[in-house]
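Some notes on the structure that comes next.
The values are calculated or read from the model by the stated rules, or taken from the named source; none is laboratory data. Small disclaimer: the values here were computed from a predicted structure and weren't measured. Cβ placement follows ideal geometry from the backbone for every residue including glycine, while neighbour counts extend to all protein chains displayed. Surface accessibility is based on the protein's heavy atoms, side chains included, excluding ligands, DNA and RNA. Shrake-Rupley method; radii C 1.70, N 1.55, O 1.52, S 1.80 Å.
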Amino acid sequence: MIPAVILAAGKSTRMGRLKAVLPVGEADTLLSHIVRTFQNAGVEDVVVVVGHEAGTVRESLESRGLRPRIVVNAAYETGQLSSLLAGLNAIDRPGVTGMLLSLVDVPFVSSDTVRAVLQRYRTKHAPIVRPVRGDAHGHPVLIARELFGALRAADPSSGAKPVVRANVSAEGDVPVDDDGAFCDIDTPEDYDRALKRFSTRTSVRRPGL
């Protein structure tokens with residue numbers, strides 16, 4: 001089993017508004033869109049790590065008929081690694097062979113890309129599997145169980161990136177033609193551009209910020 005962990009605990013400081021609940025189309029938010037993407041890709045266990053305005057995020061998902069497992073990270077202000085570890089601790093159990101990790105910042109990855117990452121891991125068993133396009137690498141990142149200990153021992157000041165970078169390989173890099181896997185939304189300008197770019201993928205409305 002390979003569960004998915006979506007990190008959505010931050011304050012969205014650069015956005016100036018809670019990123020997880022920003023609208024996408026008539027029915028979804030950035031967060032609910034990515035939850036549905038994982039579910040559509042066949043991921044049975046989806047965990048969302050929340051922190052800032054946790055109740056608002058939970059209610060937003062439930063109002064859209066979505067009930068992924070919610071993990072509240074009370075220490076979210078200490079850095080992203082704390083949220084990753086909260087998600088890891090929630091999914092780590094016998095039978096779990098890896099973890100799909102993604103961010104609410106990258107909501108438009110396609111289900112096909114998620115399936116391609118899972119398939120590459122099942123055939124190659126690389127410790128890190130990730131979508132790539134040229135020199136760019138995106139989300140979700142599949143982290144094999146063999147690296148769970150390294151994540152738990154990681155330096156909070158540098159987070160998980162050194163662990164990921166030390167274990168990437170040609171076998172684990174999956175070439176994809178999916179703009180959504182590489183679209184990181186941090187600012188109102190990023191959000192506006194993303195809604196325009198992915199308007200053909202989902203019917204979107206563009207509220208004022």
Label-point gap, in nm, between residue 157 and residue 39 - each point 7 angstrom along Cα→Cβ: 4.2
Per-pair calculated FRET efficiency, R0 = 45 Å: residue 78 and residue 135 via Cβ, rounded to 0.05: 0.90
Among 77, 44, 189, residue whose mean-square fluctuation peaks in a GNM of the chain (springs only between Cα atoms under 10 Å): 189
Rg(Cα) / (2.2 N^0.38 Å) computed for region 95-140, rounded to two decimals: 1.15
Range of Cα positions in the chain per principal axis (Å), largest first: 44, 37, 30
Convex hull volume per residue for region 1-58, taking Cα atoms only, in Å³: 86
Where labels lie 7 Å past Cα in the beta-carbon direction, separation of residue 199 and residue 62 in nm: 3.5
Gain on full stretching of the segment that runs from residue 70 to residue 150 - 0.36 nm per residue minus C-alpha separation: 26.4 nm
Accessible-area composition of region 59-209, carbon plus sulfur, in percent [1.4 Å probe]: 48
Reachable lysines, given that their alpha-carbon falls under 28 Å from the alpha-carbon of residue 11 and they are not under 8 places away in the same chain: 19, 161, 196
Efficiency of FRET from Cβ geometry, residue 166 and residue 111, R₀ 30 Å, rounded to 0.05: 0.55
Size-normalised alpha-carbon gyration radius of region 86-209, reference 2.2 N^0.38 Å: 1.14
Neighbour net charge for residue 139 - beta-carbon separation under 11 angstrom, K R +1, D E -1: -2
Within the chain, helix-based [θ] at 222 nm, where runs of 4 or more DSSP H residues each add -39,500 (n - 2.57), nearest 500: -9000 deg cm²/dmol
1.4 Å probe accessible area per residue over region 75-209, in Å²: 48
